[in-house]
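**Student:** Below you'll find the structure I mean.
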Amino acid sequence: NSFEFVAGQEAPVTVDQGTFKWVALSYNSADNVPVRGANDNFSLLENKDVLYAKSSSDIIIGDVSTPISIVFDRLFSRIAIELNTEGMFAKMESATVAITGQSSKSGTIDLKTGDFVGGFSAGVTPGITYANFVNINNASRKVAYFYTADPTSQNISVTLQNLVIKLDDESTRSFGATTLQNSLTISPVRGKSHRFLVGLTESALTFGGVKWSRSNLYYNVDSTRRYRFNAKNLYSSAVDQNSYFAFKGHIPRKLASALTAQQKDPCALVYPAQLWKTPTKTDLDAIQNQEGVLGNILGAVGELLGVGGTPGASGANNYIEFTPTAGVNAAYGTATSPENKLRFNYNGLQTTVDLVEGLIGLNLGTSKGGQAAFWTDSQAVDLLGLVGVGAWNYLGYTGRNLVGGAVPKGSAGYGLLNIDLVGLNLINSSLMNVRCVRNPNWTTISTAANYDPNPVY
């Protein structure tokens, strides 16, 4: 006999006393499962999430109720196509999606065993458009599924156009006719779920052979993806408390551990993990033309030596910028927009802080509106083998030539940091912004068998 159950509702079944086996079948939806026929062969519908379970041994029914615990297995292969804009720090508003190469086949099973009997059906091509995608947690992850019983490999292609995303500041960004196409060969395994991830990430601006992020890093503790880039790259007189970091530190306004094993690169914590990194001192070469102790540069000693403006630099009262050689995209505005220029805003820095374990209060002084400062990951001075004693950073500002007036200048400076000697194991550090660059080892990292795109905070 057969009975229809509804998930979440108790369904008593009355049978004679004796020894029984049971089988349970569901389409994992509100679709009705047809009544079992005269034999044990059961024809299944195509492109359904067929769930199947059976008793592992005989059950004996006596005078009292006997509960049955049903744990389903997936009978078909489930193929998930996921669109993901978490690496763009935005939710999807709309898009045009075209998918080809997908095939859904079904067949007839022996109801008692769950095994397929005979060949598979001719199959159908599941129609999947943007409307078929549903949110996973929020609109920065969307997924559509199809199902097949056939283990034959499928070469699936996903084409994405007309993408519109909503940024953290509630503005939208449209990528128009820009086309992203990706293909993947999937060999379906019965009972398994396969994932075709179309992961979209913030693009970079190339200058001096280095691929830079379009804006600074900030930390949002209320987001599941805490490390993000600012949606816009405009100067603001307001101070963002969550965008000033210590050298080697990954929590804003908190000193880093002097123990290397406890240090984390905040850029590597941007999703997907390790796509970005903190720049090296060498990465600064094309955007600076003087070097020295940070205090001396802040005191404008370099200007007295006749060092001119940095080649390729331009600027205004509150930023220094460079014209990238690649990466300009109309989705980010005109070619001269702040997001299409390699612009470093004069957000200021805090040169000295008290050695504390908690959060540090910001006091940028006159540097706000006067200097752009961000960290490298590079050590400047090796004192008795202590890592992090002395650290290179970038400093951009508007200086003056001996002849010719104000010019934008980029410098590589270093401050002499102190390792705490009273047991706190912290690096005494200035506080600056962080500007990330693409990790040149990304391809190797991301294709490793154990790679996990989710950062560990």
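**Student:** Roughly speaking, to the nearest percent, how much of the range 1-117's 1.4 Å accessible area is carbon and sulfur?
**Tutor:** For the range 1-117, the apolar C and S fraction of the accessible surface comes to 49 percent.
**Student:** At 1.4 Å probe size, with every protein chain present, just tell me what the per residue accessible area of the range 12-61 comes to in Å².
**Tutor:** Result: 65 Å² of accessible area for each residue.
**Student:** How large is the translational diffusion coefficient of the range 98-254 in µm² per second when you combine the Kirkwood radius over alpha carbon pairs with Stokes-Einstein at 20 °C and 1.002 mPa s?
**Tutor:** Value of D from the Cα-based Kirkwood radius: 107 µm²/s.
**Student:** List the trypsin sites (Lys or Arg not before Pro) within the range 1-72 that DSSP assigns to loop and that have no more than 12 neighbouring Cβ atoms inside 10 Å.
**Tutor:** Listed in order of number, the matching sites are LYS21.
**Student:** If the viscosity is 1.002 mPa s and the temperature 20 °C, what Stokes-Einstein diffusion coefficient in µm²/s follows for the chain when Rh is the Kirkwood radius over Cα pairs?
**Tutor:** 82 µm²/s
**Student:** State which stretch of the chain is the longest one without any exposed GluC sites (Glu not before Pro), exposure meaning a DSSP loop state and at most 15 other Cβ atoms within 10 Å.
**Tutor:** With GluC sites (Glu not before Pro) excluded where exposed in loops, the chain gives 171-356 as its longest stretch.
**Student:** Considering amide H positions built from the backbone, and no H for Pro or chain starts, which residues 5 or more places from ASN216, or on another chain, come under 5 Å of its amide H?
**Tutor:** Result for ASN216 returns ASN230.
**Student:** How large, in percent, is the carbon and sulfur part of the accessible surface of the range 151-206 at a probe radius of 1.4 Å?
**Tutor:** 48 percent
**Student:** On to the next question. Which of the pairs LYS248/LYS281; LYS264/LYS341; LYS232/LYS341; LYS48/LYS142; LYS281/LYS409 have their Cα atoms more than 22 Å apart in this structure?
**Tutor:** Listed pairs above 22 Å: LYS264/LYS341.
**Student:** Let me ask you something else. How large is the accessible surface per residue of the range 199-294, computed with a 1.4 Å probe and reported in Å² as a whole number?
**Tutor:** The answer is 38 Å² per residue.
The values are calculated or read from the model by the stated rules, or taken from the named source; none is laboratory data. Please read all numbers here as calculations on a predicted model, not as lab measurements. Ideal geometry is used to build each Cβ from the backbone, glycine not excepted, and the neighbour counts take in all protein chains shown. In case anyone asks, the SASA skips ligands and DNA or RNA and just uses the protein heavy atoms, side chains included. Shrake-Rupley method; radii C 1.70, N 1.55, O 1.52, S 1.80 Å.
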